[in-house]
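Encoded as structure tokens, the structure appears first; notes follow it.
The values are calculated or read from the model by the stated rules, or taken from the named source; none is laboratory data. Predicted model only: the values in this text are computed from it and were never measured. In this analysis, Cβ positions are derived from the backbone assuming ideal geometry, glycine residues included, and neighbour counts consider all displayed protein chains. Heavy atoms of the whole protein, side chains included, go into the accessibility calculation; ligands, DNA and RNA do not. Shrake-Rupley method; radii C 1.70, N 1.55, O 1.52, S 1.80 Å.
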Amino acid sequence: MTDDSRSPAALLLAEAIRWVDRSGYPDVVEVVFEDADGRQHSIIDKTPLFWDADDEPDPDAELPVPVYLDVVLLERDLPGGRVRVAIDHRSVNDEGYAEFIVPADLISQVGGTGSSEQ
């Protein structure tokens, strides 16, 4: 993974679309998001990786429901209202890290990480 110590942390709006495994604890859910070209990407993992305990849907919750993925904002103000983000998650690919160009309106910036330089 690249050195993201000066890149701001952000949240990418995604959607939990289906329960994958509910036979044990924690449950496993599939979360999807669309990149700026309209391609859908899927991450499948345990619910605590997507929600805090207080925010996790009830076991009988109907999906889809919105969820926010932790991302690192790598590049802003790309043409067409887009941004480049990094997702560090083992389900994304073999390396567990991937970069995506996504619509800027799906991003909520939550502050910086590491350095306080602007």
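Would you confirm whether or not the range 34-49 contains a residue that is polar (S, T, N, Q), buried (at least 17 other Cβ atoms within 10 Å of the Cβ), within 26 Å of ILE101 (Cα to Cα) and out of contact with any helix residue (DSSP H, G or I) (no Cβ under 9 Å at 6 or more places or on another chain)? Yes: the range 34-49 contains one or more residues that are polar (S, T, N, Q), buried (at least 17 other Cβ atoms within 10 Å of the Cβ), within 26 Å of ILE101 (Cα to Cα) and out of contact with any helix residue (DSSP H, G or I) (no Cβ under 9 Å at 6 or more places or on another chain). Evaluate the following for ASP52: is it over 17 Å from the mean Cα position of the chain (by Cα) and either among the acidic types (Asp, Glu) or closer than 19 Å to ALA98 by Cα (or both)? No, not satisfied.
May I ask you to list the residues in the range 55-77 that are over 15 Å from the mean Cα position of the chain (by Cα), open to solvent by less than 100 Å² (accessible area, probe 1.4 Å), of a type outside the set (A, V, I, L, M) and modelled with pLDDT of 90 or more? Within the range 55-77, PRO64, GLU75 meet the criteria. If you check ARG22 against the conditions, is it in contact (Cβ under 8 Å) with a residue 12 or more places away in the chain, of a type in the set (Lys, Arg), closer than 21 Å to PHE100 by Cβ and open to solvent by 30 Å² or more (accessible area, probe 1.4 Å)? For ARG22, the condition - in contact (Cβ under 8 Å) with a residue 12 or more places away in the chain, of a type in the set (Lys, Arg), closer than 21 Å to PHE100 by Cβ and open to solvent by 30 Å² or more (accessible area, probe 1.4 Å) - is not met.
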